[in-house]
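This report concerns only the one structure given below.
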Amino acid sequence: MDAIEALVTRKSSAKLIAPAPGKEDLNIMMQAAIRAPDHCRLRPWRFIVIEGSAREKLGRIFEDALKARDPDASEAMLNKERNKPLRAPMVIIVIAKVEEHPKVPGVEQILSAGAAAQNIMLSAHALGYAGIWRTGKTCFDPKVNAALGASETDQIVGFLYLGTAERTPILLEESIDEYMEIWEG
Ligand SMILES: Cc1cc2nc3c(=O)[nH]c(=O)nc-3n(C[C@H](O)[C@H](O)[C@H](O)COP(=O)(O)O)c2cc1C
């Protein structure tokens with residue numbers, strides 16, 4: 001798939017099945033990730049690739065974090081949280097490694113990591129896979145950061161659920177007119 005086709009046809013898929021990207025494809029996706037624009041070349045990102053039973057470990061991190069956030073969480077809620085990483089054969093956690101910098105505010109470092117995340121989503125799509133970028137309270141929970149070995153100032157920018165689309169998503173036509181202004185002259 002050429003680059004423009006990938007850009008204009010990417011669509012999220014919530015129902016994901018095997019296969020997930022293999023080693024070679026994952027390597028291409030990571031190469032694409034680190035091509036993201038990056039002010040002052042801080043490389044402000046970290047990618048944790050989670051597959052197989054490691055998804056259960058991530059599920060326990062989610063569950064423990066929910067328990068701490070909400071001690072009254074029901075068994076059903078905890079169960080749902082624990083099973084979230086099992087919704088796809090691969091989850092890539094994208095973390096912005098945010099540091100104090102005289103020229104590059106934290107928000108720019110988070111934007112860079114977000115651009116890296118989108119490069120992963122787009123390259124996965126170009127390689128024939130599908131996925132969905134998810135966040136939620138776990139992205140803003142210091143306990144989750146600690147469990148992932150991230151500092152308190154680091155920011156989880158997303159959990160990228162990846163695999164193969166169970167059903168080919170339908171692409172709706174959308175007009176660009178309401179978002180775009182052209183100032184000329
Ligand atoms: C930063 C970010 C966080 C998101 N978090 C969630 C989420 O937690 N759950 C969810 O269902 N969709 C989430 N989305 C939206 C989906 O990834 C997706 O973009 C949306 O369902 C629209 O589908 P599309 O990408 O095919 O247009 C998030 C998107 C972004 C950019």
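Among the residues of region 23-32, the ones that are of a type outside the set (A, V, I, L, M, F, W, C), closer than 13 Å to Met90 by Cβ and surrounded by 11 or more Cβ atoms within 10 Å (Cβ to Cβ) come to 1 in all.
Test Thr153 against the stated conditions and say whether it is modelled with pLDDT of 95 or more and either within 10 Å of the ligand (Cβ to nearest atom) or touching a strand residue (DSSP E or B) at 6+ places or on another chain (Cβ under 7 Å) (or both). Judged against the criteria, Thr153 is not a match. One residue alone among Ala54, Ala116, Ala65, Ala126 is over 20 Å from Pro19 (Cα atoms), of a type outside the set (Asp, Glu) and out of contact with any strand residue (DSSP E or B) (no Cβ under 6 Å at 6 or more places or on another chain), and that residue is Ala65.
Scanning region 5-54 for residues that are within 16 Å of Leu86 (Cβ to Cβ), of a type in the set (A, V, I, L, M) and not in a loop (DSSP other than H, G, I, E, B) gives Leu16, Ile17, Val49, Ile50, Ala54. Every listed requirement among (1) in a helix (DSSP H, G or I); (2) within 25 Å of Glu24 (Cα to Cα) is met by Cys139 save one, (2).
Only one of the listed residues (Lys84, Lys57, Lys67) is under 26 Å from Asp141 (Cβ atoms), within 16 Å of the ligand (Cβ to nearest atom) and not in a loop (DSSP other than H, G, I, E, B). That residue is Lys84.
A residue that is within 19 Å of Leu111 (Cβ to Cβ) and among the β-branched types (Val, Ile, Thr) cannot be found anywhere in region 50-58.
The values are calculated or read from the model by the stated rules, or taken from the named source; none is laboratory data. Small disclaimer: the values here were computed from a predicted structure and weren't measured. All Cβ positions, glycine included, derive from the backbone under ideal geometry; neighbour counts span all protein chains shown.
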